[in-house]
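Colleague: My structure is below; once you've seen it, I'll send some questions.
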Amino acid sequence: MQSILSPYSFPDLPTLFRPVLHQTSPIAAEHLKQHLREAEVVLAQTVGKAPTRRWIYTPDGRLNHVSLEQLQQLDAARFALFAEESLEGLDDPTGGGCPEAPLSFTCAITVSTSSGRSTGYVLDSGIQDRIEELAGPDGGRSALQRLFAETAMIREEVPSRTDRIVAIGLPPLWQPRPRLTKLLFSGLRDAPWLRTFTPRQGLARLAEQVEPSERRIRFVVPRLVNEPPDDYFEQIVEAHEIIEAFRTVQPPQSLLQRLTRTTLVGESRLWWTDPVLLLQGERYAAEAADAGQRELDKITVGGSDEITLTSRRAEIPVEVFNDANYDVSVTVRIRSSDLRLDETFARTVQAQGLHQLSVDVAAPSSGIFTVFVTVETPNGRRIDGKEVQVRSTEFNEIALGLTFGALAFLVLFYITRAIRNRRGPEAETTP
C-alpha cells in the first residue's frame, strides 16, 4: 500500500489554469496551494498522517504545463500519474524511449518544466475505458472479465519482457458492491500474468533496467465535454478574491478555514455530471462569497460628515467601527486632491470596538473641501468609505490684502474724480 496526495475537492487543474481564467485570476496558484494544504489537514485528522507532496494524483491524471509547473513550485509532484491527453504525441514512432515499440505505453516517463522535473506513469486509455465500464450501471462480472482481458492482451504484446508496468486509476466516488470489489483486487493479486506494485516500487523496479522516457506536457489540453460555462468559474474567482481579502484582516482560523473549504468544494468537477448538481456547486461558491462579504461589512467608517476649521491648520478625526466578535487588521486611507492629502494608516480594531485616529490638514484658503476616507483590507480591497466636507472659515491673508487694496483704490479713484468734476464748474464761473 502507498498513500498518494490528491487536491482537496477533486478539481480539474487544466480548467483551473486554463489561460483565460489564469490571466483574469492571479490567485489561481493560491487556489492550488489551498487545495493541497486542506487535503493534508483533512488526511492528518482522519488517518493520523498525511502523505507527502512528492507523489500527486490529480483527477484522472489530467494536467497541463502551467498546473504542473505550479505544483512543482509548491514542492509537489516530484512523482505523478499522467493522462495520455495531457502529453504531447510521441516524436519517436518506436515508443519514445520505451524498451520495445509499444502498442500500450508501459514504461515510466519524465516531464520537465522550468520549475522542475516529474517522474511517473501514463494511464493506459484502454484500461481506463474498462474501469469506467466497471464503475457504470452495467458493471459486473462481464465488465470485470473485459478488464482482465485487457491486461492480458497488454502482457501478450511483449510476453518476454518483465520491465513493463501499466498504471490503473479507479474512478472517483465509485461505490462498487463488496463482492465485486473482492473479485477485482483478488484477481489483480492472483492473475498469473500480473504482479502488483505500489507506484514507488514500480519506478524502483523499472530504474534497474531502463531509463524513463522523456515526454512533453501540453500547454492546452482538451476541455471536458461537461465543463461548465465561464460564468460558473467567474463566481468561483469572485469568491476566492473575497475570501483572500478576508484572510488578510486576520480573522479566526476556524472561520477562515470553513469559508475556504466551502469555496474549494465549489471547484470540484464532481458537480459537473448533472445540471442540478452544477447549481449546487455554484451555490457553495456563492454562499462562501456572501458569508465572507458579510464579515467584511461589519467593518465601517464613522464620524461626522462635515467638519469646520476655524484656523488654517487643524486635525480631521476619523472613526473605524468593528462589529465583529474578533479583532481585525485594516488599512485606513485619507485623501483629498484639494488639500493635497494622501495618508495611509495600518490599524488593528478590537472586537466590538471603535478605533479613532486623526490627520493634520492645512486649508489653502477659505471654502469647502472634500476629503475621502476609506477602510480597506491589507491587500487593498475596499470595505467601506465616506466623504467628509471640510469647511474652512480662515481668511486668506493675501486675498484679503488684495481685496482691501482694490477697495482702497476704488474709493480713492472715485473721490479724486469727484473733486476734479467739482473744480471744473468752479473754474468756468470765475471772471
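The values are calculated or read from the model by the stated rules, or taken from the named source; none is laboratory data. Quantities reported herein were computed from a predicted structural model and do not represent experimental measurements. With ideal geometry, Cβ positions are generated from the backbone for all residues, glycine too; neighbour counts draw on all protein chains shown.
Colleague: If we keep just the residues of the stretch 111-165 that are part of a loop (DSSP other than H, G, I, E, B) and among the hydroxyl-bearing types (Ser, Thr, Tyr), which is farthest from Arg216 (Cα to Cα)? Don't jump to the end; show me each part of the working.
Modeller: Step one: filter the stretch 111-165 for residues part of a loop (DSSP other than H, G, I, E, B), giving 114-115, 124, 136-140, 158-165.
Checking which are among the hydroxyl-bearing types (Ser, Thr, Tyr) leaves us with 114-115, 160, 162.
Values: Ser114: 12, Ser115: 14, Ser160: 29, Thr162: 26 Å.
Among those residues, the one meeting the criterion is Ser160.
Colleague: One residue is enough: does the stretch 314-334 have a residue meeting the conditions touching a His at 6+ places or on another chain (Cβ under 6 Å), farther than 28 Å from His35 by Cα and surrounded by 14 or more Cβ atoms within 10 Å (Cβ to Cβ)? Please lay out each step first, then the result.
Modeller: Narrowing the stretch 314-334 to residues touching a His at 6+ places or on another chain (Cβ under 6 Å): 320.
Adding the requirement that they be farther than 28 Å from His35 by Cα leaves 320.
In the following step, the residues that additionally are surrounded by 14 or more Cβ atoms within 10 Å (Cβ to Cβ) were identified as 320.
The answer is yes; a qualifying residue exists.
Colleague: Among the residues of the stretch 225-256 satisfying the criterion of being touching a residue at least 12 places away in the same chain (Cβ under 8 Å) and in a loop (DSSP other than H, G, I, E, B), which is nearest to Thr331 (Cα to Cα)?
Modeller: In this case the residue turns out to be Val249.
Colleague: Moving on to the next point. Restricting to the stretch 118-142, count the residues that are surrounded by fewer than 19 Cβ atoms within 10 Å (Cβ to Cβ) and without any contact (Cβ under 8 Å) to a residue 24 or more places away in the chain.
Modeller: Number satisfying all stated conditions: 6.
Colleague: When you go through Ser329, Ser358, Ser366, Ser336 one by one, which is the residue that is modelled with pLDDT under 75, touching a strand residue (DSSP E or B) at 6+ places or on another chain (Cβ under 7 Å) and outside the structural domain of Gln253 (by TED's automatic domain parsing)? Spell out how you get there, then give the answer.
Modeller: Details: Ser329 fails: modelled with pLDDT under 75; Ser358 fails: modelled with pLDDT under 75; Ser336 fails: modelled with pLDDT under 75.
That would be Ser366, the only listed residue that is modelled with pLDDT under 75, touching a strand residue (DSSP E or B) at 6+ places or on another chain (Cβ under 7 Å) and outside the structural domain of Gln253 (by TED's automatic domain parsing).
Colleague: Return the residue satisfying two criteria in turn: it lies in the stretch 8-59 and is in a helix (DSSP H, G or I) and β-branched (Val, Ile, Thr), and of such residues it is modelled with the lowest pLDDT. Let's see the steps before the verdict.
Modeller: First, the residues of the stretch 8-59 that are in a helix (DSSP H, G or I): 13-16, 19-24, 28-47, 59.
Retained after the next criterion (residues that are β-branched (Val, Ile, Thr)): 15, 20, 24, 41-42, 46-47.
On the way: Thr15: 87, Val20: 50, Thr24: 43, Val41: 94, Val42: 94, Thr46: 90, Val47: 87.
So, considering only residues that are in a helix (DSSP H, G or I) and β-branched (Val, Ile, Thr), the one modelled with the lowest pLDDT is Thr24.
Colleague: Of Phe219, Phe197, Phe185, which residue is without any contact (Cβ under 8 Å) to a residue 40 or more places away in the chain and closer than 30 Å to Ser115 by Cβ?
Modeller: Working: Phe219 fails: without any contact (Cβ under 8 Å) to a residue 40 or more places away in the chain; Phe185 fails: closer than 30 Å to Ser115 by Cβ.
On inspection, the qualifying residue turns out to be Phe197.
Colleague: Kindly provide the set of residues from the stretch 320-338 that are closer than 15 Å to Glu295 by Cα and part of a loop (DSSP other than H, G, I, E, B), ordered by number.
Modeller: Selection gives Asp323, Ala324, Asn325, Tyr326, Asp327.
Colleague: Exactly one condition in (1) buried (at least 19 other Cβ atoms within 10 Å of the Cβ); (2) under 15 Å from the mean Cα position of the chain (by Cα); (3) of a type in the set (A, V, I, L, M) is false for Leu256; which is it?
Modeller: Result: Leu256 fails condition (1) only.
Colleague: Looking at Phe105, Phe148 in this structure, which one is within 30 Å of Ser186 (Cα to Cα), hydrophobic (A, V, I, L, M, F, W, C) and modelled with pLDDT of 90 or more?
Modeller: Numbers: Phe105 fails: modelled with pLDDT of 90 or more.
On inspection, the qualifying residue turns out to be Phe148.
Colleague: Now, a different point. Please tell me if Ser112 is at pLDDT 90 or above, buried (at least 19 other Cβ atoms within 10 Å of the Cβ) and touching a strand residue (DSSP E or B) at 6+ places or on another chain (Cβ under 9 Å). I'd like the intermediate steps shown before the answer.
Modeller: On the way: at pLDDT 90 or above: yes; buried (at least 19 other Cβ atoms within 10 Å of the Cβ): no; touching a strand residue (DSSP E or B) at 6+ places or on another chain (Cβ under 9 Å): yes.
Judged against the criteria, Ser112 is not a match.
Colleague: I need the full set of residues from the stretch 166-214 which are assigned to a loop (DSSP other than H, G, I, E, B), at pLDDT below 90 and of a type in the set (Gly, Ala, Ser), in order please.
Modeller: Hit for the stretch 166-214 is Gly169, nothing else.
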